[in-house]
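Reviewing the structure listed below.
The values are calculated or read from the model by the stated rules, or taken from the named source; none is laboratory data. Remember, predicted model here, so these are calculated numbers, not experimental data. Here the Cβ is made from the backbone with ideal geometry for all residues, glycine too, and neighbour counts use every protein chain on show. Accessible surface is based on the protein model in full, side chains and every heavy atom, while ligands, DNA and RNA are left aside. Shrake-Rupley method; radii C 1.70, N 1.55, O 1.52, S 1.80 Å.
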Amino acid sequence: MKRAVVVFSGGQDSTTCLIQALKQYDEVHCVTFDYGQRHREEIEVAQQLALKLGVRAHKVLDVTLLNELAVSSLTRENIPVPAYDPAATGVPSTFVPGRNILFFTLASIYAYQVEAEAVISGVCETDFSGYPDCRDEFVKALNQAVTLGMARQLRFETPLMWLNKAETWALADYWQQLALVREETLTCYNGVKGDGCGTCAACNLRSNGLQQYQNHRTAIMQAMKDKTGLI
């Protein structure tokens, strides 16, 4: 039996990964992390989506210690979430230091427990917003370390790594879940479900990608298939 663990936030990217995993694995488990995030609505959204999609098991793990260590506009109420700025450079204030290191590691421990062969995450280098822990180089390095540390083969899968946001929309559409991803996920840094607040960087990336896909559906769908190997 093929088993996988999906790192699941209830956002566009992780939901798209979950939808695909449910098609490709016999048993899928989800892990959502409560790290004291500012937009805590995402935990409820993740629970609702996991239930709706028929996930075998969904765990919400308390890792609020991260909130004490990682200073970010997503973990501190006194640090404003920045509006989208196309001229911005460097690592944004929404970066939560160590978040993906912790998430991948804990998901790997859970995967060991349930005898899963893969940990799946929606991290993406193409649209990574300047987050260093979304890079392919990082994921591969941590995968090697975890495999060595557990003495068990475990594969980190990042289905969106080389897709842009328009192609991620195409992937959701490929699995016939475009409407669900658009209407029921929460990507917005200000905690607004669906199309979001419209002003933060996450909403800008998401809406621009959707518009591009809607305008060039056939070409983008083919580009996504070419990158992913889907027929």
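Things worth noting here:
- Carbon-plus-sulfur accessible fraction, the range 108-157 (probe radius 1.4 Å, protein heavy atoms only): 53%.
- The order of His58, His29 by accessible area, most exposed first and with a 1.4 Å probe, is His58, His29.
- The range 147-231: C-alpha gyration tensor shape, a/c 1.5 cut-off, then a/b vs b/c: oblate
- Between Asp62, Asp133, Asp13, the GNM of the chain built on Cα springs shorter than 10 angstrom shows Asp62 fluctuating the most.
- Measuring between their Cα centroids, the range 162-206 and the range 1-49 lie 14 Å from each other.
- Amide hydrogen proximity for His58: with H placed 1.01 Å from N in the peptide plane, the residues at 5 or more positions away or on another chain lying under 5 Å are Cys30.
- Restricting the range 107-156 to GluC sites (Glu not before Pro) that sit in a DSSP loop and have at most 12 other Cβ atoms within 10 Å of their own Cβ leaves Glu115.
- Near Tyr174, once Lys and Arg are set to +1 and Asp and Glu to -1 for all other residues with Cβ below 14 Å from its Cβ, the sum equals +1.
- Leu18 accessible area, assembled protein chains, probe 1.4 Å, Å²: 0
- Estimated 222 nm signal from helices in the chain, with DSSP H stretches of n ≥ 4 weighted -39500 (n - 2.57), rounded to 500: -14000 deg cm²/dmol
- The modelled label-to-label distance for the pair Lys23/Gln153, using points 7 Å beyond Cα in the direction of Cβ, is 2.6 nm.
- Trypsin sites (Lys or Arg not before Pro) within the range 133-231, DSSP loop, no more than 14 other Cβ atoms inside 10 Å: Arg152
- Label selected from [x] 8, 32, 36, 20, 4, 0; [y] 6, 21, 31, 30, 11, 0; [z] 8, 34, 40, 17, 2, the criterion being P(r) over Cα pairs in 10 Å bins from 0, in percent as computed here: [z]
- Rolling a 1.4 Å probe over the heavy atoms of the protein chains gives the range 101-231 an accessible area of 48 Å² per residue.
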